[in-house]
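Everything below concerns the one structure shown next.
The values are calculated or read from the model by the stated rules, or taken from the named source; none is laboratory data. Quick caveat, the model's predicted, so the values are computed rather than measured. Positions of Cβ are generated from backbone atoms using ideal geometry, with glycine treated the same way; all protein chains shown enter the neighbour counts. Note: accessible area is taken over every heavy atom of the protein model, side chains too, but ligands, DNA and RNA are not part of it. Shrake-Rupley method; radii C 1.70, N 1.55, O 1.52, S 1.80 Å.
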Amino acid sequence: MNHETLHRLKERGIDEMRRFLIMFIYLWVVFGLFVLNESLILGQRSISFAPQGFAIVNAAIMAKVMLIGEDLRLGRQFDHLPLIYPTAHKAGLFAIVFMLFHAFERILVGTLGGHSLAESMPHMGGGTWPGRFMVWAIMTVSLLPFFALREIGQFMGEGRLWRLMFVARPKSPASRD
């Protein structure tokens, strides 16, 4: 391999790691809030950190699933339309992908643990269709800000949104008083 090829591979690896970390942190916050909400609803007085650990692991797994989905160009068919369409489509589609991956993961772990397929099936949303729809809706709404910022950032150009959000701006002459 020549120097240019190694440099491109290094840049791509750094970009993939940055994308993964952004997805991971966002998903960790969302999943962590779900766990905290569940413990409050169930009236648990002592909040265990074990479920928060599962939120971290799930965030890492789902961020990787998200990266793979993006690399496979999942949900890109509406990219030519106004930003609301690809944003909503990707949020809804990735919510379905997350739910399917979660179900597959639970079935795999259950069957490897000696349980039957029926015993291993997760009961998302209480196991009812309205409950599953509600889980999908909550996940979709939770993913909307992520995809909205991503779509706006792509529209604005490489790194511009990031700089607007996280780089200090100079004080305007009117605010120096």
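In the range 106-121 there is no residue matching the filter, namely being in a helix (DSSP H, G or I) and in contact (Cβ under 8 Å) with a residue 60 or more places away in the chain. Which of the residues that make up the range 41-69 are of a type in the set (A, V, I, L, M) and at pLDDT 75 or above? Residues satisfying the conditions are Ala55, Ile56, Val57, Ala59, Ala60, Ile61, Met62, Ala63, Val65, Met66, Leu67, Ile68.
For the range 147-170, the set of residues classified as aromatic (Phe, Trp, Tyr), under 14 Å from Arg19 (Cβ atoms) and either in contact with a Leu (Cβ under 7 Å, 6 or more places away or on another chain) or open to solvent by less than 50 Å² (accessible area, probe 1.4 Å) (or both) consists of Phe147 only. For first residues located in the range 61-88 and more than 21 Å from Ile138 (Cα to Cα) and outside any helix (DSSP H, G or I), partners that are open to solvent by less than 50 Å² (accessible area, probe 1.4 Å) and modelled with pLDDT under 95 and lie 6+ apart or on another chain with Cβ distances below 9 Å form the pairs Asp79/Glu151.
Looking across the range 63-79, the residues that are among the aliphatic types (A, V, I, L, M) and loosely packed, with under 14 Cβ neighbours inside 10 Å come down to Ile68, Leu72.
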